[in-house]
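The values are calculated or read from the model by the stated rules, or taken from the named source; none is laboratory data. The shown structure was predicted, so the numbers you read here are calculated from the model rather than taken from an experiment. No Cβ is skipped: glycine too gets one built from the backbone with ideal geometry, and neighbour counts run over all protein chains shown. We work out accessible area using only protein heavy atoms, side chains counted, and drop any ligands, DNA or RNA first. Shrake-Rupley method; radii C 1.70, N 1.55, O 1.52, S 1.80 Å.
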Amino acid sequence: MHRYPNDTLDRLWFTDTTAPTNQTSQAVVVAGLADSPPVSVVQTNFMATTAAGLYYNRSLLGSTPYKYCVALYFAELDPNVNASGQRVFDISINGNAFGKGIDVYADVGLYRVDEVYSSYPLGPFSDYVLIQLTSAAGSVLPPFIAALELFQLFQNPMLPATSSVDGKIRA
């Protein structure tokens with residue numbers, strides 16, 4: 001698990017040990033992202049074993065439907081990737097297109113972090129979130145992912161910040 005002080009936002013990052021990985025001790029640049037993950041998190045990629053893709057199925061708590069925001073992080077760690085188009089993939093969430101033609105090397109190069117995120121709430125989803133990464137036509141390498149964040153959005157009615165008795169001294 002990775003967390004503070006490596007992540008100044010004190011997020012908890014857990015490693016998924018069910019997928020094949022590609023790791024590096026090479027410094028990975030995470031500059032320029034709004035909420036950068038810790039370098040130690042993006043020094044490992046989870047790789048698809050075939051062009052059929054990589055699937056991440058996250059069971060959700062309860063059956064009440066909620067909306068979610070998603071952030072996916074990628075870092076090309078394979079030093080044999082040296083040109084655009086070698087690893088290109090598409091992303092879908094619960095069967096809906098989320099990202100098309102993702103080419104991390106073309107976007108940011110080797111050993112740098114790229115981010116794909118939802119700029120609007122997705123869903124509502126109730127039982128699970130299924131994130132699929134599938135190779136695009138012509139890609140010679142399978143898809144991968146370094147990290148993902150899934151934020152559940154709650155309805156929170158705004159309450160008055162203070163009341164008429166706040167700050168009064170009681171005898």
Condition test on residue 164, is it polar (S, T, N, Q), touching a Ser or Thr at 6+ places or on another chain (Cβ under 7 Å), modelled with pLDDT under 85 and at negative phi?
-> no
Out of the residues in region 97-141 that are in a strand (DSSP E or B), of a type in the set (Gly, Ala, Ser) and in contact (Cβ under 8 Å) with a residue 12 or more places away in the chain, state the one that is farthest from residue 28 (Cα to Cα).
-> 123
Within region 54-63, can you find the residues that are at pLDDT 80 or above and more than 20 Å from residue 143 (Cα to Cα)?
-> 59, 60
Out of 31, 51, 97, 75, which single residue is of a type in the set (A, V, I, L, M, F, W, C), surrounded by fewer than 17 Cβ atoms within 10 Å (Cβ to Cβ) and at pLDDT 90 or above?
-> 97
Considering only strands (runs of 3 or more DSSP E) wholly within region 33-79, the ones with at least 2 residues that are in contact (Cβ under 8 Å) with a residue 12 or more places away in the chain and in contact with a Pro (Cβ under 8 Å, 6 or more places away or on another chain) are 44-47, 66-75
Long-range neighbours under 9 Å by Cβ, at least six apart or interchain, first residue under 17 Å from residue 39 (Cβ atoms) within region 142-154, second open to solvent by 50 Å² or more (accessible area, probe 1.4 Å) and of a type in the set (D, E, K, R) = 148/58; 149/35
